[in-house]
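Working notes for the structure below.
Readers should treat all values here as calculations from the given coordinates under stated rules, not as data from a laboratory. All of these numbers come straight from a predicted model, not from anything done at the bench. Backbone-built Cβ (ideal geometry, glycine too); neighbour counts: all protein chains shown.
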Amino acid sequence: MSRYDPNPFEEEEVNPFSEGTAKGKGSGQSSYVGGAFYTAHSGSVPSAPSRLSPLPHEPHDRGATIDIPLDSSKDVKAKEKELQAKEAELKKREQEIKRREDAVARAGIVIEEKNWPPFFPIIHHNIADEIPIHLQRTQYVAFTTWLGLVLCLLWNIVAVTVAWSKGAGPTIWFLAIIYFIAGAPGSYVMWYRPLYRAMRTDSALKFGWFFLSYMVHIGFCVFAAVAPPIVFKGKSLAGILPAIDLLGSSALAGIFYIIGFAFFCLESVISIWVIQQVYRYFRGSGKTEEIKRQAARGTVMAAL
C-alpha cells in the first residue's frame, strides 16, 4: 500500500454494470450515468429509463381529389345573365297567356273542357254547374233523349243483324250502320248541343235552331217506329210494319223488331215532352219577340 492516499479530488470511474463495482459499493449506492440517476442494489441490474412512444402518422389519402372551382368570374356573370334572360322570357309568355285569357273572357267565349264520359271524355257536359237550376230538369230529360236515340239506333243494328241472318240480305245491315254512325254524333251536334248552349247563355237564336233540329229528330223517331216499306221494304229500321212482316218467316227477328218499335215509341213520347217544356220556357221568358227582332235585323243586314 502506498504511503500517501490518492488524490481525494480525483473522480473515480464507476461502472454500474460491473458486478465487482456493485459489490464494492454495496447496496443503495447511486450513480449518475447518461443524464439519469441509477440506484444500484446488490446483485441487481439498474433499470433503464422509460421512453414515450412516438405518435402515429396521420393518414394521407394520396388518391383524394380536391374540387377547385375553375369557373372564372366572367363565366359566372354570363350564366347569371342567361338565367335572367330565360326568366324574363317566361314572364313575358305568362303575361301573353293571361292577356289572351282576359280577351277571351271579355268576348264571352267559354272554353269547354271535355269531361264526359268520365272514362273517355269526348264532350263537355256539366248541367249541375252551368245550367240554371229551374232548367236543369228539362236539360237532364233532353240529355236522356239523346242517349235514348243512341240506344235505339244501336238496338236497330242488333235487330237488323238478326233479320239478315234469317235471309233478309246484307243491304239493310249496312243501312242500319249508316243510321248509327250519322245519327249518334249528328243528333248531338244538331240539337242537343244547341239546346245546352241556349240554356246556358239564354240565346234566342240557339233556341230557334234547337226547335228546327229537334222537330226533325221527332219526325225521324216516329218514322222509325212505323218503318213504312219505302226503303228496302222498311226492314232497315226496327219498326212495327217490318216486325209484323217478319213474324211469319222468323219469330225471333220479329220479336227483336217489336222491341225496337217500343224503343222508338218511347223515344218519340219523351222527345215531345221535352220540346213542349222548352217551348213553354221560351215563350214565358219573352224570347219570341227577341228572336223576331233578331231575324228582322238579320234580314235587313242581308239585304244591305
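Computed over the alpha-carbon atoms, region 89-205 gives an Rg to Rh ratio of 1.17, Rh here being the Kirkwood radius from the mean inverse distance. Extension gain for residue 226-residue 136 works out to 29.2 nm (0.36 nm per residue, less the C-alpha to C-alpha distance). Evaluated at q = 0.27 Å⁻¹, the base-10 log of the normalised Debye intensity for region 142-203, with identical point scatterers placed on the Cα atoms, takes the values -1.02. Between the residues 146, 163, 132, the greatest Cα displacement towards the positive end of the dipole of region 120-226, with unit charges on the Cβ of Lys, Arg, Asp and Glu, is found for 163.
Computed across region 209-290, the Kirkwood radius stands at 14.1 Å (inverse of mean 1/r, all Cα pairs). Here is the list for region 106-189: chymotrypsin sites (Phe, Trp or Tyr not before Pro) lying in DSSP coil, each with at most 14 other C-beta atoms within 10 angstrom of its C-beta, are 119.
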